[in-house]
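What follows is one structure encoded as structure tokens, with my remarks underneath.
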Amino acid sequence: MSTATIGKQAPAITKAGPPHIQKETFPVLDMTCAACAISVESMLKSVPGVQDAGVNFANQTAWVSYDAALVTHQQLQATVRSIGYDLVIDKENQDAVTEEAQRKHYLQIKQRTIWTSLLSLPIVIIGMFFMNMPYGNWIMMILATPVVFYFGHSFFANAWKQARHRKANMDTLVALSTGIAWLFSAFNTLFPAFWHQRGLHPHVYFEAAAVVIAFISLGKLLEEKAKSNTSTAIKKLIGLQPKTVLLVTPSGTVTEIPVAQVQVNDLLLVKPGEKIPVDGKLMNGESYVDESMITGEPIPVAKKAGEPVFAGTINQKGSFQFRAEKVGADTLLAQIIKMVQEAQGSKAPVQKLVDKIAGIFVPVVISISILTFIAWMIWGGDNAFTHALLTSVTVLVIACPCALGLATPTAIMVGVGKGAENNILIRDAESLELAHSVNAIILDKTGTITEGKPIVTDLIWNNQHNERPGHQAVLHALEQQSEHPLAQAILQYIEPGTQPVSFQSVESLTGLGVKGILQGVTWLAGNKKLMQEYQVVIDQRLSAKAASLQEDAKTVIYFAGNGQLLAIIAIADKIKDTAENAIKALIRQGIEVHMLTGDNQHTAEAVARQVGIKSFKAEVMPSQKAAFVQELQQAGKIVAMVGDGINDSQALAQADVSIAMGKGADIAMDVAKMTLITSDLNSIPKALQLSRKTVQTIRQNLFWAFIYNVIGIPIAAGLLYPINGFLLDPMIAGAAMALSSVSVVANSLRLKLAKL
């Protein structure tokens, strides 16, 4: 895979449309729930000059497409800050600032959890077991006040900022529920006679207000811990790059410098066992390098002067010096990291629906809470007000959209990371979600099923037109004009002509071969269809020989000049060792497997037979590949296309799920939504299996996110009270709410253990 390709796939800043339009991604700080993400997203979209924006709650980032002539980073940051969050716009120190902020945030939550737990414990003991102890209510109020208003002040501050913009989020629910519970309890503590005069006992709910804050803090602490584990793949990739490097100065001395200071054209020294710091070209020395990080191949690759080396790969033997060619964000490793980060931050189609639900969830819950209060006040009997207050507060506490917001993005993050660990680069969440429903897959032959390293096995000249010294030179010159892998194989086989040949015109005929005009004579090199098009007669002997070679799965190229067939060239491309097993695995999964190739019928049939494919099409033009994809789609199939060449790009773009082989052409990888870094075809069933498991995890997560609310809200509202007198305690509601978020994140993390 070329670094240029990856660079094009994942630019740090992309520009599209008008010259001022930029798309950038910023870390967002202090978001606590999916509704927070909705708020940030809508505020960013409301800034004049912003074309579009999206926020990913799981990885705490926001992407913004905006007109740089109308809006600045500072304006975006100020807008986000106005509703209680922050946007990191310091590009140079973005990672450090974000990491430090996350560290402080985690420490803050940890301290809050410890203190709220310590202060809440005696409140619960008094409230549950010593309700009538002297000054019990006063002690509970003294202990609960700092819990609610000091350690829980962020809920109130954020709720207020949201309210100023007529928005609401989870903080609104927490602030309303705990605030009302504390106010009601404080009133009853200060003025117990108010209830006594009416023949009622002045109940207090300090324990509920305090424990809800404590449980939510504990839930957030566990959630933050779990979320940090979902990006393990990124951390592993980042860990592949060394921190320092040995710089060879012009005077020949060696100095250790931070890798961030390496400049293009610096001469660097790598010792045995060390990681290569940046991309470059080997200048002095020889070694074997473990490139499994890039290629998936476990066997170290021999490197000598002039050969490329890549950041993150490991030098096995011998020291060598290399010249830095790409540093920082331009290295292949940095671009792979960027791709994985962008994929983890992208939204799956199901997430868009979940976002809409989360956006209206909080206002709906507040409405249910108000209706609950009114209903209890009307039909609640003697303790109507107490029950109305208790149930409406409990509804606010139990209905947290946090789990709903985490359900999809955490599963996507773990799924994309799992893919990266298995040499499957996934460019967006949509492909990962859609791949599970693929029921037809099309494989290109050359470079996908075969090694893509063709070699000439036979060159048979036509007896009737004996080889002349000039023919070989013409064939060599003609094939030089083609970039097709088969042309390269011919060039490697035949010696260049002693006499330089310069054509008057040369034309590459897609799907056919190449044509050149020399001194008024037409020369052709290509397939049988090309010969038929130019009415070149193929005699019986060479026709029979060509058929025999094709039976052995060899590709036959015809060479003709002045309307006469001069020679046939047989080219063999070894079928990949993993092809047969991978195709069997796909068929076992109930997927139709098709093979398309521009090669002839006989060769295609032989290859298809050897790997176990029953459906294949030979001599297919690039446009016909795309048409075949469309044909399957019209038949109701969800189609995946796997290819590696320029001629596959049209079909890749047409397919529902496009998969490029990592060693293929740049354009194929630009078009495809998934790239297999390794040449191992077993990665294809693995990628589909990963999609199934990810989608399964998303569904399980959504179930857990919804079930708590579907069951919890009616019970919290007092649905069971007329039946058995049961009313849900706000404390239990707080615990259930925290548990729902933790269960969703924990379920996503199970995906890391999945066997592909």
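The values are calculated or read from the model by the stated rules, or taken from the named source; none is laboratory data. Computed from a predicted model, the values in this text were never measured in an experiment. These area figures cover heavy atoms from the full protein model, side chains too; ligands, DNA and RNA do not enter into them. Shrake-Rupley method; radii C 1.70, N 1.55, O 1.52, S 1.80 Å.
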So how much accessible area does Leu688 have, in Å² to the nearest 10, using a 1.4 Å probe?
0 Å²
Ignoring ligands, DNA and RNA, how do His387, His196, His436 rank by accessible area with a 1.4 Å probe, largest first?
His196, His436, His387
Could you put Val364, Val211 in order of accessible surface area, largest first, with the 1.4 Å probe and the full protein assembly present?
Val364, Val211
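Using Cα pairs under 8 angstrom and six or more residues apart, how large is the relative contact order of segment 263-326, in percent?
This gives 52 percent for segment 263-326.
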How large is the convex hull of the C-alpha atoms of segment 21-91 per residue, in Å³?
71 Å³
Using Cα positions and a limit of under 27 Å, work out the lysines in reach of Lys545, with same-chain residues fewer than 8 apart set aside.
Lys445, Lys453, Lys515, Lys528, Lys529, Lys554, Lys574, Lys576, Lys614, Lys617
At a 1.4 Å probe radius, carbon and sulfur cover how many percent of the accessible area of the chain?
57 percent
Counting helices only, and only those DSSP H runs with n ≥ 4, report the 222 nm mean residue ellipticity of the chain as the sum of -39,500 (n - 2.57) divided by its residues, in deg cm²/dmol to the nearest 500.
-16000 deg cm²/dmol
Taking 0.36 nm per residue of separation between Asn383 and Asn562 and subtracting their Cα-Cα distance, the length gained on full extension comes to 53.9 nm
Kirkwood Rh and Cα Rg combined as Rg/Rh, segment 67-158:
1.24
Once Tyr534, Tyr288, Tyr66 are ranked on solvent-accessible area with the largest value leading and a 1.4 Å probe, the list reads Tyr288, Tyr534, Tyr66
Computed over the Cα atoms of segment 452-574, what is the convex hull's projected area averaged over all directions, in nm²?
7.0 nm²
Report Rg (one decimal) and Dmax (nearest whole number) for segment 553-669, counting Cα atoms only, units Å.
15.6, 52
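What is the chain's relative contact order, in percent, from Cα pairs under 8 angstrom and six or more apart in sequence?
This gives 14 percent for the chain.
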Averaged per residue, what accessible surface does the chain expose to a 1.4 Å probe, in Å²?
44 Å²
Leaving out ligands, DNA and RNA but keeping every protein chain, what accessible area does Phe156 have, in Å² rounded to the nearest 10, with a 1.4 Å probe?
60 Å²
Determine the equivalent ellipsoid of segment 263-326 by diagonalising the alpha-carbon gyration tensor, then write out the semi-axes as square roots of 5 times the eigenvalues, largest first, rounded to whole Å.
17, 12, 10
Reduced Cα scattering model of the chain, Debye log10 I(q)/I(0), q = 0.06, 0.08 Å⁻¹
-0.51, -0.79
